[in-house]
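Some notes on the structure that comes next.
The values are calculated or read from the model by the stated rules, or taken from the named source; none is laboratory data. All values derive from a computational prediction rather than experimental measurement. FYI the Cβ positions are ideal-geometry reconstructions off the backbone, even for glycines, and counts take in every protein chain you see.
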Amino acid sequence: MGKSIAACLCFFSAACLMAVFSCAPDKADLVKTGKINTGEYDPEAWGKVYPNEYESWHKTRDPRPAGKSAYKKGWDTDKIIYDKLSEYPFMALIFKGMGFGIEYNEPRGHYYMREDQDIIDQSRTKSGGVCLNCKTPYMDSLVKKHGKEFLKMPWKEAVAKIPAKHKNLGATCIDCHRESDMDLRTNRSVFSEGISHLDKKEFTRQEKRILVCAQCHVTYNIPKGKKGETMGLVHPWKGSKWGDISIENIIKFIKNDPKYLEWKQTVTGLKLGFLRHPEFEFFTRQSVHFKGGLACADCHMPYRRAGSVKISDHNLMSPLKDDLRACIKCHPEKTEELRSQVLAIQDRTVSLLLRAGYSAATAAKLFETANKNRDRDFDRGLYEKAKDFYLEAMYRLIFMGAENSLGFHNPSEAGRILGDSIAFSSKSEALLRQCLAGAGIKVPEVVPLEVGKYLKDRGEKKLNFIKNQEFRDPFAVQEKLIPRKQAGF
Ligand code: HEC
Ligand code: HEC
Ligand code: HEC
Ligand code: HEC
């Protein structure tokens, strides 16, 4: 830490500011007018003591200003819920076989996290009670009361066990604060268990400002039993370190045990693991801002005046939608300049993400062809190698597709992971072509992907491609590699 600040001070003026601000951020004013009872779940009771934070917390219900973020249009004043499968059509192909391939939306405000589970296509809640882990503050108490069985309990039954008044209550005060003194804490034993595998036992205030978010903004796996039943919930962090949870280690964890193969990919017939929103893992893997000592709260919960006092803004949202208020103290350049810098990072990431997505889709379609010709005499060795490279590509792709900042949280790591994903897919494609040619099966130069087919009539709602939501490659390279027609639009 000390070393990195010294280095920053020599080279960057922004870093000088950072040494002052972020490593020991000044505290907001703590105005306390009462006492919170231990085990108090009700945010209204906390709000009586801390009305300003309560009020700003409640605002996660409000739609966000539209037109300010290019890639994270969640639920803005245009009141449109953005469909990730329309934004990134290759995802409809690769996720076919699980709920994410049916309905997959961009995130919106914290207020909606529980009820959004009721609105989404119910294939997404098939794992049962376990899906409540990151949604209700009551999770640990429910598992304590109903035992481990709660994790496998059918979804509707599990939801019905939440106290009625708080059935739709999402992230709330008790998830992040200790009642007695408002110190930061986490509220999920699964998360504490995961963190205990890292090489770190004590956490600074600044690190806790990461941990409170990490209890949900992380990847996890749902181990499955012989009949596909839910066995629990784990974070794939064994063997990793604080500040170094690499995608390589996560993949190793998943590949190590077949119980983590949660779903079967329709196109390839392969059983795969899954990865979710890895904001914590991705940001803390030595990003510029992490190394500079920043925490999630520094960018997503900037201080705000509330009357005569200063509070941490609890209306968490995209900093772009908040006019980059959080950034100004270290980046005094004009807001629009900074916005275009963020966008430049995201444009590059999206371009690479599309490349990785369509490369993996191409390999997937070749597996489909191979599987249709199962009776032919394939070189099994080549096929197995192609499969292994494909898994390496796919896990990296799912990881970056699920990360919510489009590369901003760690730009160079995004480039590294997606670059490797593309390399693995290309290698897999080459081996499959060799394999198929050896068995006398002809494959066209550009493999038709039929993405239109996968986007059509999804689930009970019969969802379809929403053309104007698609993100095309900002540099138009993707369309040179796979023309739109062959992609299947
Ligand atoms: C209890 C779990 C939980 C915790 C704790 C949590 N989040 Fe979230 N967060 C979610 C979920 C779930 C969503 C998506 C909600 C939806 O779409 O219904 C979300 C959405 C968001 C969004 C998008 C909001 C929008 O307006 O579109 C941001 C930004 C965010 N979280 C940041 C944070 C930060 C920063 C922290 C820590 C200070 C944090 N979250 C803590 C679960 C959590
Ligand atoms: C240096 C500032 C910074 C830090 C630190 C930071 N973020 Fe972000 N975050 C951003 C920016 C910028 C975006 C992109 C927003 C956009 O594109 O609209 C973003 C996007 C997000 C989103 C998606 C928001 C949306 O509207 O859908 C989530 C969720 C999120 N961050 C969570 C986190 C978590 C959790 C951490 C800590 C592990 C973290 N962020 C650390 C700046 C930051
Ligand atoms: C997702 C996590 C999260 C949730 C939920 C949350 N807080 Fe906070 N809160 C924080 C963080 C992070 C800080 C900054 C603490 C620090 O820097 O020491 C904070 C700070 C505070 C402070 C100290 C003064 C300030 O504004 O910085 C108060 C008081 C507070 N929160 C009240 C509440 C109340 C009341 C609720 C529920 C209505 C709530 N918080 C919900 C994360 C959360
Ligand atoms: C506490 C200080 C601090 C805050 C707050 C902060 N940054 Fe930074 N930022 C830095 C430092 C230090 C660097 C690295 C040195 C440099 O390039 O100036 C950096 C680098 C960057 C870079 C270029 C490097 C990269 O590769 O990641 C961008 C873009 C950036 N910040 C945007 C933002 C945005 C947007 C926000 C607000 C959401 C933000 N920063 C908040 C201190 C901060």
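Given the residues Met139, Met153, Met182, which is the only one that is in contact with a helix residue (DSSP H, G or I) (Cβ under 7 Å, 6 or more places away or on another chain), over 19 Å from Cys216 (Cα atoms) and not hydroxyl-bearing (Ser, Thr, Tyr)?
Met153
Determine, yes or no, whether Lys259 is under 30 Å from His58 (Cα atoms), more than 16 Å from ligand 2 (Cβ to nearest atom), more than 21 Å from the chain's Cα centre (by Cα) and surrounded by fewer than 22 Cβ atoms within 10 Å (Cβ to Cβ).
So Lys259 does not fit the description; no.
Quick test of your reading of the structure: Lys35 fulfils all but one of (1) away from ligand 1 (no atom under 16 Å from the Cβ); (2) at pLDDT 95 or above; (3) of a type in the set (Lys, Arg). Name the failing condition by number.
(2)
Where in segment 195-306 are there helices (runs of 4 or more DSSP H), lying wholly inside it, with at least 2 residues that are at pLDDT 95 or above, touching a helix residue (DSSP H, G or I) at 6+ places or on another chain (Cβ under 7 Å) and within 16 Å of ligand 3 (Cβ to nearest atom)?
Filter on segment 195-306 gives 205-214, 279-284, 296-300.
Just to confirm my filter: which helices (runs of 4 or more DSSP H) fall fully inside segment 138-180 and include at least 1 residues that are under 16 Å from Val212 (Cα atoms)?
Correct list: 139-146, 173-176.
I need the full set of residues from segment 163-183 which are modelled with pLDDT of 95 or more, small (Gly, Ala, Ser) and within 13 Å of ligand 3 (Cβ to nearest atom), in order please.
Correct list: Gly170, Ala171.
Just to be sure, is Val309 within 16 Å of ligand 2 (Cβ to nearest atom) and over 20 Å from Glu229 (Cα atoms)?
no
Within segment 93-114, does at least one residue satisfy the condition of being modelled with pLDDT of 95 or more, of a type in the set (Val, Ile, Thr), within 16 Å of ligand 2 (Cβ to nearest atom) and not in a helix (DSSP H, G or I)?
Looking through segment 93-114, none of the residues is modelled with pLDDT of 95 or more, of a type in the set (Val, Ile, Thr), within 16 Å of ligand 2 (Cβ to nearest atom) and not in a helix (DSSP H, G or I).
For segment 428-471, how many residues meet the condition of being surrounded by fewer than 21 Cβ atoms within 10 Å (Cβ to Cβ) and touching an Asp or Glu at 6+ places or on another chain (Cβ under 8 Å)?
12
Could you say which residue among Ile254, Ile250 is surrounded by 17 or more Cβ atoms within 10 Å (Cβ to Cβ), closer than 19 Å to Arg396 by Cα, β-branched (Val, Ile, Thr) and in contact with an Asp or Glu (Cβ under 8 Å, 6 or more places away or on another chain)?
Ile250
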